[in-house]
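Readers should treat all values here as calculations from the given coordinates under stated rules, not as data from a laboratory. If you're wondering where the values come from, they're calculated on a predicted model, not measured in any experiment. Heads up, the Cβs are rebuilt from the backbone with ideal geometry, glycines too, and the neighbour counts pull from every protein chain shown.
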Amino acid sequence: MNKDRVEGKVKDVAGRVERQTGEWTGDTEAQVKGAARQAEGKVQNTWGKAKDATKDATKSTAKPPQRVTDDETETEESIDTRRSGT
């Protein structure tokens, strides 16, 4: 979790509080500012999630697939020989 997600969530919650307080008191300016801060927080949180997803995706694809040499591949004959113990 990166700082954008944390800061975004804090702005989202603060915006909700400010908007709700504006609704209770009838202060439309506080409602608008709160809604704007809440939207800003949601965008920042989403941006942080996207950054985390990109980071996770690059971690999982960072290693190239390993090649198997001819010596490591088994044929049906070598498997049968090993199973039979001969």
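Note on residue 7 and residue 60: their simple-model spin labels are 2.8 nm apart, each label 7 Å out from Cα toward Cβ. Computed log10 I(q)/I(0) for segment 3-62 at 0.20, 0.24, 0.27 Å⁻¹: -0.67, -0.81, -0.90, from the Debye equation with unit scatterers placed on every C-alpha and solvent omitted.
Label sites at residue 42 and residue 25, each approximated as a point 7 angstrom past Cα along Cα to Cβ, lie 2.4 nm apart.
Counting neighbouring beta carbons within 10 Å and listing from fewest to most, the residues 67, 16 come out as 67, 16.
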